[in-house]
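Here is the structure we will look at.
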Amino acid sequence: MRFIIIFLIFISKVTAEEISGVPKIIDGDTVHINNYKFRLEGIDAPEMKQQCKKEFLKISSTIGFSLYKDYSCGQVSKAKLKAKINGSKIKCIFTSKDRYKRYIATCFKEEINLNQWMVRNGYAIAYRRYSKKYVSDEDFAKEKKLGLWQGKFMNPEKWRKLN
């Protein structure tokens, strides 16, 4: 009997909920659907004011000298998520809230896991502090030099602390 009670308490705490709708894209890891604010679980995207560096001129592969220019990587991250969703309805599945009262969610456009898509294409990084789920997707983006990995950038968490 005691096991059943403990099991029921555990199940009630991990019950996932789902919200669907056409989102407003706030940034590369935050969307709103109606009055619900969702933080994409397990990923961290550059902040809206964050600048990154993109290689624009490589002098020689033997010398290894490159020139970089700044770009608004936070705005690019948001734009890529917005373009991927393209005004479609998405589904967000959540189990908890963060300290800012946002729902921590995995969001899908049809069968596409948007959290994973953002990391795998280099528009966000795996948020290792909270989850290791998308580390292999980050490794893929890094190896293929996709998105952020085409240049140089500061980890978004570190950027937030400094700005």
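If you plug the beta carbon distance of R160 and V22 into 1/(1 + (r/R0)^6) with R0 = 22 Å, you get a FRET efficiency near 0.20.
Listed peptides 31-41, 15-25, 102-112 appear in the order 31-41, 102-112, 15-25 once ranked by packing, highest mean of other Cβ atoms within 10 Å at the front.
In the range 49-98, one over the average inverse separation of all distinct C-alpha pairs is 14.3 Å, which is the Kirkwood hydrodynamic radius. With 26 Å as the limit, the listed pairs K49/K145; K91/K161; K53/K158; K49/K69; K109/K161; K53/K91 have K91/K161; K109/K161; K53/K91 beyond it between alpha carbons. Note on the chain: Kirkwood radius taken over Cα pairs, Stokes-Einstein applied at 37 °C and 0.692 mPa s, translational D equal to 192 µm² s⁻¹. Helix 135-144 and the longest principal axis of the Cα set of the chain meet at an angle near 20°. Summary value for the range 36-128: 36 percent relative contact order, contacts being C-alpha pairs under 8 angstrom separated by 6+ residues. For the range 19-33, 3J(HN,Hα) computed residue by residue from phi via the Karplus equation (6.51, -1.76, 1.60; θ = phi - 60°) reads 10, 10, x, 7, x, 9, 8, 8, 7, x, 9, 9, 9, 10, 10 Hz, glycine and proline entered as x. Each residue of the range 68-85 is assigned a 3J(HN,Hα), and the resulting list reads 10, 10, 6, 8, 7, 5, x, 5, 5, 4, 4, 4, 5, 5, 4, 5, 5, 6 Hz, derived from the Karplus form 6.51 cos²θ - 1.76 cosθ + 1.60 (θ = phi - 60°), x at Gly and Pro.
The angle between the Cα long axis of helix 2-13 and the main principal axis of the chain comes to about 50°, on a 0 to 90 degree scale.
When you count the other C-beta atoms within 10 angstrom of each residue and take the mean per peptide, 118-129, 89-100 line up highest first as 118-129, 89-100. Backbone N atoms of the range 112-147 closer than 14 Å to the 7 Å Cα→Cβ label point of S66 belong to residues 142-147.
No lab work stands behind these numbers, since they all come straight from the coordinates. Just so we're clear, the structure is a prediction, and the values are computed from it rather than from any experiment. In this analysis, Cβ positions are derived from the backbone assuming ideal geometry, glycine residues included, and neighbour counts consider all displayed protein chains.
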